[in-house]
Amino acid sequence: MAIYVDFVQIKFKGYKWCHMLADSLQELHDFAALIEVDARLFHRDASYPHYDVTVQMRETALEYGAIPADRKKIIECAKKLKVELQSEVSLSDSC
């Protein structure tokens, strides 16, 4: 399982936020549940599926084995997750 967190620190509502991604959506959701990230922080309709996590949550993710990732790795994961999410949507639409 590979979980990635970026170095971005976007200020919003009194917190600094980063992004958390993974090699697959299942891994991402499982890891988020493991470190108790609220499911509402998952952004499926953004330009790419990811969790927004605070800097504190990022530190917890790192303690549990997440990998700090540069922009190149984040974009690589983001593209894979977007394709995976689109295929899930296509499957559910065809049922």
Q) Counting only heavy atoms of protein chains, what accessible area per residue, in Å², does the chain have with a probe of 1.4 Å? A) 63
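Counting only helical runs of four or more DSSP H residues, what would the 222 nm mean residue ellipticity of the chain come to if each run contributes -39,500 (n - 2.57) and the total is spread over all its residues? Please report the intermediate quantities before stating the final value.
Working: 3 runs with 43 residues, N = 95.
That comes out to -14500 deg cm²/dmol.
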Q: Using a 1.4 angstrom probe on heavy atoms only, work out the carbon and sulfur share of the accessible area of the chain in %.
A: 55
**Q.** DSSP-loop trypsin sites (Lys or Arg not before Pro) across the chain, with at most 11 other Cβ within 10 angstrom
**A.** Lys13
Q: Compare the Cα positions of Leu28, Trp17, Gly65 along the charge dipole of the chain (+1 at Cβ of Lys, Arg; -1 at Cβ of Asp, Glu; about the Cα centre) and return the one farthest towards the positive end.
A: Trp17
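Send over the semi-axes of the chain's equivalent ellipsoid, whole angstrom and largest first, taken as the square roots of 5 times the C-alpha gyration tensor eigenvalues.
Details: eigenvalues 98, 37, 35 Å².
Here the semi-axes work out to 22, 14, 13 Å.
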Q) Placing +1 at every Lys and Arg Cβ and -1 at every Asp and Glu Cβ, with all other atoms neutral, what dipole size does the chain have around its Cα centre, in debye to the nearest 20? A) 460
Q. With each label point set 7 Å from Cα along the Cα-Cβ vector, what nm distance links Lys13 and Ala46?
A. 1.3
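The values are calculated or read from the model by the stated rules, or taken from the named source; none is laboratory data. Because the structure is predicted, anything quoted here is derived from the model rather than measured. Every residue, glycine among them, receives a Cβ derived from its backbone with ideal geometry; neighbour counts consider all protein chains shown. What goes into the accessible areas is simple: the full protein's heavy atoms, side chains included, and nothing from ligands, DNA or RNA. Shrake-Rupley method; radii C 1.70, N 1.55, O 1.52, S 1.80 Å.
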